[in-house]
1. Treat each spin label as a single point 7 Å out from the Cα along the C-beta direction, and report the Cys91 to Val562 distance in nm.
2. How many nm is it between the label spots at Ala168 and Ala251, if each spot is 7 Å from the Cα in line with the beta carbon?
3. Ignoring ligands, DNA and RNA, please state the percent of accessible area on the stretch 4-196 from carbon and sulfur, probe 1.4 Å.
4. With every protein chain left in place, what is the accessible area per residue of the stretch 535-593 in square angstrom, probe 1.4 Å?
5. Hey, can you grab everything whose amide H is under 5 Å from the amide H of Asp296? Only 5+ residues off in sequence or another chain; H modelled, so Pro and N-termini drop out.
6. In the stretch 73-153, what GluC sites (Glu not before Pro) fall in a loop by DSSP, with at most 16 other Cβ atoms inside 10 Å?
7. At q = 0.13, 0.19, 0.20 Å⁻¹, what log₁₀ I(q)/I(0) does the stretch 1-128 have when each alpha carbon counts as one equal point scatterer in the Debye sum?
8. Would you mind listing how long the stretch 495-559 runs along its three principal axes, going by Cα atoms, in whole Å with the largest first?
Amino acid sequence: MAPRRLLLVGEGNFSFAAALSETLDDSTSVTATCLQRPADLAGDPVAQENLQRLRERGTEVRFGVDCTQLADAFELHHREFDRIYFNFPHCGRKAGVAKNRELLAKFFQSCKDVLAPEGEVYVALCRGQGGTPADKPTREWHNSWQVVAMAALGGFILSDVHPFSCEAVPGYKCTGYRSQDKSFHVEGALNHIFTRSLPFEDSQPRIFRTKVGGRWFSFPEPEALVGKLNRGFLEAPSCHPVRTINEKLIAELGKVFPLKRLKRPFPLLPQGSTSALTSWNCDILSAAFWISLREDDSNSESLTDGTTQDMEDFLALFSELSLLKDPGSDSKEEAHEESYGQTTVCLRPSLLVHVQAVIQAPDFVPGSLHILSGPVFRKCRILPFTMPAFHETLFVIGFNKNLKDGCLQSLLEHLKGFLDSLLTHTLLEGSQPSSSVEFVFQPNGKEYIINVKRPNFGPDCAKALIIGSVVTSATGIMHEDQCFMFVSMNLDLLAMLVWGISDWRMLWTFDHRFLKNFVSGSIEPFKSYCLYPPCYVHDISFWLDEKKGFDELEFHTVARAVSRDTVVSIQFLSRFQHPKTQQVVWEQSRTSLGT
């Protein structure tokens, strides 16, 4: 739908306003403004001719409008513009990059007062001025206008960029170069399109309550997982990409095996033994988020405002729990905690904790592929392709031991064929596949790791990403005459690879623009609405208490929680021990912050 109200600022001779107004239909109104007074343009015949054309079309023209003080120029009832244009901004004369950056920063801060909630800001800049990778050639950052960073000061993100075309507005003549009647050099100029970013909110952990053995307990969600619990991405009618990937994966394996989707709820706090998990991958359990349940006899109304509905939805995922104890907790401390009605449990780090419950269920059917999908939570280092919360799908199948090799081979072949096809689905015509799927057999003799090799992940990423695993047996859950096979897949990571999503945080955003990219059941190229976000690098140093030691994973988890996921990578640089005091300093742990 065409925008209804357009605002043009910084007009010089009004040729852009006159040309643009003639390309629009009657439902769109234009307000053209300039900083000069009418007397300043009296001797400019081109400007007078364009002003006459605008008046004949009924276009509103305002003089003396400062683009850095737009709220002063428009009454409240006359704001809410759908689009604001600022072509080739410049402070005048020989102003340097610092002055022009300041002009842009103040302009963007002014725009937020008069732009509609879903409006756009168009800023045309000469070649190289913007300082983004879209500029060819790209200027050094310190020598550019840093348009994305200046826009961020006003709460805007760069959502699109394309060449500026004078041919699209016949009759437009840009003037004002160094405050003279001279044109800017528009060859290679770019139009930068900005939209509002979501405001940064320092959300506090919500409080949940659950009933265990007839007693009520409450617990706060871990700080590193704020906003990650109970999002419903896999539920109908969600069009989230993780659901699309999940449905396609299930449909493909359904061509080879009978399917049985498990509908009963499986708790986020795992019940019973985790031997099925720890028998081949104890690292997963060691990275779990441990939480403390405190006995709570209060009713739901007494909890923090705004949590009641979340709590009710969350409770639907729980059943009577046999709670896991933290293996690292001290027995005396544990007894002390329980005496005060507190128990330590963990959020499930993998759906593999439910394997035993699945195969021991009365309705388990050997030969059928049993499917369980849901979110899991795991501490991890801060990198673009590692995530503390993601969606996992687990496939469980039981079969006669004599059929093990044939069943395994059939599953691996179909899974590899499907994944290869999926990862090339959105490639542009004529481009070469840059991914390859391989199954790497592990030394434990029971497991295949599913790797995706891609040479263009970037410097912060490994050359191969683990998107899942295939396990052929597990100690403690095998029947005498049967073998079991489990396939677990990281749906979030797979979705990132298929759609080319470079940052896992986008999958969890509350910004509605993200889901506008997706249609349920369909895979089309993903177009980000946030281009070239500014990134800042900081070095930090701190002394260590050698008695307590240093847990790098915990450090990353604390950094993730404190920064609310604004830290995108952490790199260890050096470690120093004072020769006299023997104190240790963890020096210059480099952190990169990105919006």
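The values are calculated or read from the model by the stated rules, or taken from the named source; none is laboratory data. Quantities reported herein were computed from a predicted structural model and do not represent experimental measurements. Don't worry about glycine lacking a Cβ; one is built from the backbone with ideal geometry, like all the others, and counts go over all protein chains shown. Only protein heavy atoms, including side chains, enter the accessible area calculation; ligands, DNA and RNA are left aside. Shrake-Rupley method; radii C 1.70, N 1.55, O 1.52, S 1.80 Å.
1. Between Cys91 and Val562, the label points sit 3.6 nm apart.
2. So the two model labels end up 3.6 nm from each other.
3. Numbers: 4380 of 9130 Å².
Within the stretch 4-196, the accessible surface is 48 percent carbon and sulfur.
4. Values: 3760 Å² over 59 residues.
Heavy-atom SASA per residue in the stretch 535-593 reads 64 Å².
5. Trp216, Phe217, Ser218
6. Glu75, Glu80, Glu140
7. Results for the stretch 1-128 at q = 0.13, 0.19, 0.20 Å⁻¹ read -0.53, -1.14, -1.25.
8. 55, 25, 20
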